[in-house]
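Visitor: Got a structure for you, written out below as structure tokens; questions coming shortly.
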Amino acid sequence: MTPPAAESLGAHVEEGGARFLVWAPRLTSLALKIEGRGEMGMVPEPDGYFSLRVEGAKAGHRYGFALEEGFTPDPVSRYQPDGPAGPS
């Protein structure tokens, strides 16, 4: 797999939902957590990427990732309303 362009990482609103892509090469699994929707397992992709398309997700929904160590915001988020440690 050719690494995606940097601008394709993160959350991207699409018609009917949103697509999430993160690079986490040291993890074997990753879950996306959207406030009010719970945790959703992400799909492992080649070269350490994880992806997920979420129907009904839209701009303004707060999200992050559930790790064994706890919650972490999106490392490439374009909006952190509660500061760098809060949801994206």
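The values are calculated or read from the model by the stated rules, or taken from the named source; none is laboratory data. Treat the numbers as computed from the prediction; the structure is a model and nothing was measured. Don't worry about glycine lacking a Cβ; one is built from the backbone with ideal geometry, like all the others, and counts go over all protein chains shown. The area values use the complete protein model at the heavy-atom level, side chains included, leaving out ligands, DNA and RNA. Shrake-Rupley method; radii C 1.70, N 1.55, O 1.52, S 1.80 Å.
Visitor: Only residues that are of a type outside the set (V, I, T), over 11 Å from K58 (Cβ atoms) and not in a helix (DSSP H, G or I): list them for segment 8-25, please.
Guide: L9, G10, H12, R19, F20, L21, W23, A24, P25, listed by residue number.
Visitor: Can you give me the number of residues within segment 17-51 that are β-branched (V, I, T) and either more than 18 Å from P73 (Cβ to Cβ) or touching a residue at least 60 places away in the same chain (Cβ under 8 Å) (or both)?
Guide: Initial filter on segment 17-51 (β-branched (V, I, T)): 22, 28, 34, 43.
Of the ones still in play, those that are also either more than 18 Å from P73 (Cβ to Cβ) or touching a residue at least 60 places away in the same chain (Cβ under 8 Å) (or both) are 28, 43.
Residues flagged as β-branched (V, I, T) and either more than 18 Å from P73 (Cβ to Cβ) or touching a residue at least 60 places away in the same chain (Cβ under 8 Å) (or both) within segment 17-51 amount to 2.
Visitor: Going by what's in this entry, would A18 be described as within 11 Å of the chain's Cα centre (by Cα), among the small types (G, A, S) and open to solvent by less than 50 Å² (accessible area, probe 1.4 Å)?
Guide: In short, yes.
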